[in-house]
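Trainee: My structure is below; once you've seen it, I'll send some questions.
Nothing in this text is a laboratory measurement; each read-out follows from the coordinates by a stated rule. What you see is a predicted model; the values in this text were computed from it and never measured. Note that we place each Cβ from the backbone using ideal geometry, even for glycine, and neighbour counts take in every protein chain shown.
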Amino acid sequence: MTRGGRCKTIMAKDYYKLLGIEKSASQDEIKKAFRVLAHKHHPDKQGGDEAKFKEINEAYQVLGDEKKRAQYDQFGSGAFDGSAGGGGGYGGGGFNGAGFDFSGFQGAGFEDLGDIFGGMFGGSRGGSRERRGGDIQVDVHLSFHESIFGVDKEISLTKNVSCERCAGNGAEPGKGVKKCGTCDGNGVVIGVQRTILGAMQTKRMCETCHGTGEIPNTPCSTCHGAGLEKKRKTLNVHIPSGVEDGNVLRVRSEGEAIKGGESGDLFVRIGVKPDQRFERDGDTIYSEKQIGFTQAALGAVVAIETVDGKADLTIPAGTQSQTQLRLRGKGVPTRGGRGDHIVIVKVVTPHKLSKEQRKMLETLGLNE
């Protein structure tokens, strides 16, 4: 019954489906699914959905608690809305009341909600999250041969690097730094933000010192205290053998620099130009070779192209069109050696025959 005396139909809720996980999901998988969905639907975000956010929080409160999850698996969501005699389940009215009660999270295997939503509000638990520069992505185009055997490529890019004059601390050499007065040297500023969950303490990076907790006594004359300067840098990047079109390689710490933190990474996206002579499937290379009718019938040794250069291929007598002949160890290099090169033989039937050739074939009577 509702407070007004009218009957209320209780609909069973599939908490696993709400979080997009299987019933066998681990606690880590449950937590990860909740983080993704909470970030997507949080009402403070543009395009957020408050109703959806409430639903996934409800599901997380139950499935994220081993005891509540066991009750849910046995009785369903009715164990938490009173329909199965289970009581309120959330305390303080739960999701049917005026707000949410997250007191059950503490000591139940969950971190502080400030940690969960730290990425949304610009803070982190205790302000201990490592500051990191932005990542950079570049495209590198390779020939088919380069993708098979690997190659060293020079990549030039303009990015933020640590200022050489001040070694990245933003202070004029010899002048030193002092504690930031805005954040009292903590690198973060604490505030309070009102959300649908109530008042939440937030921590954001100090804009005065950019999270370092220090400011220069005298700003560097080159970077003006930023600790960074924009420069053109050329890197020699080794592309390993066997890469394929669309592969992405990571070069650690070669992204954007950041004052008082770790540089981001450089991601190299590989594009491989096609080669009309070859096709690739995993560590196997394929090519085609056309041979004449006589070569197919009597056998022959023909020259073919491989990624290693020209090679001789033995055509057995009686070879049929579409026969596949294997050259072992002529494919893509692997950790255990190399793949194979498969040659697909195509027998070419002559279009024009002389009278003597026609008579000879008629005499042979090769009908099958």
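Trainee: Using every alpha carbon pair in the range 235-297, what percent of pairs falls into each 5 Å bin from 0 up to the bin containing the largest distance?
Mentor: Here the calculated profile for the range 235-297 is 4, 12, 16, 14, 11, 11, 8, 7, 5, 4, 3, 2, 1, 1, 1, 0.
Trainee: Rounded to whole Å and ordered largest first, report the semi-axes of the equivalent ellipsoid of the range 197-256 derived from its Cα gyration tensor (root of 5λ).
Mentor: So the three semi-axes of the range 197-256 are 36, 25, 7 Å.
Trainee: Continuing with the same structure: What is the P(r) of the range 136-272, as percent of Cα-Cα pairs per 10 Å bin from 0?
Mentor: Spelled out per bin, shortest first, that is 12, 28, 22, 19, 15, 4, 0.
Trainee: Rank these for me by crowding, Tyr286, Tyr60, going from fewest to most other beta carbons within 10 Å.
Mentor: The order, fewest Cβ neighbours first, is Tyr286, Tyr60.
Trainee: Would you kindly compute the Cα radius of gyration of the range 279-364 and its largest Cα-Cα separation (Dmax), both in Å?
Mentor: Looking at the range 279-364, its Cα Rg and Dmax stand at 16.1, 57 Å.
Trainee: Measure up Lys289/Lys352; Lys203/Lys231; Lys40/Lys259; Lys159/Lys179; Lys175/Lys233 against 25 Å on the Cα-Cα distance and list the ones that go over.
Mentor: Lys203/Lys231; Lys40/Lys259; Lys159/Lys179; Lys175/Lys233
Trainee: Dipole of the range 136-272 (Lys/Arg Cβ +1, Asp/Glu Cβ -1, origin at the Cα centre): which of Ala171, Leu142, Ile270 lies farthest to the positive side?
Mentor: Ala171
Trainee: While we're here: Give me the Kirkwood hydrodynamic radius of the range 222-368 in Å, from all C-alpha pairs, to one decimal place?
Mentor: 20.2 Å
Trainee: Among Gly282, Thr314, Leu353, which residue has its Cα positioned farthest towards the positive end of the charge dipole of the range 279-364, with +1 placed on the Cβ of Lys and Arg, -1 on the Cβ of Asp and Glu, and the dipole taken about the Cα centre?
Mentor: Farthest towards the positive pole: Leu353.
Trainee: Size of the dipole of the range 279-364 about the Cα centre, Lys and Arg at +1 and Asp and Glu at -1 on the beta carbon, nothing else charged, in debye to 20?
Mentor: 160 debye
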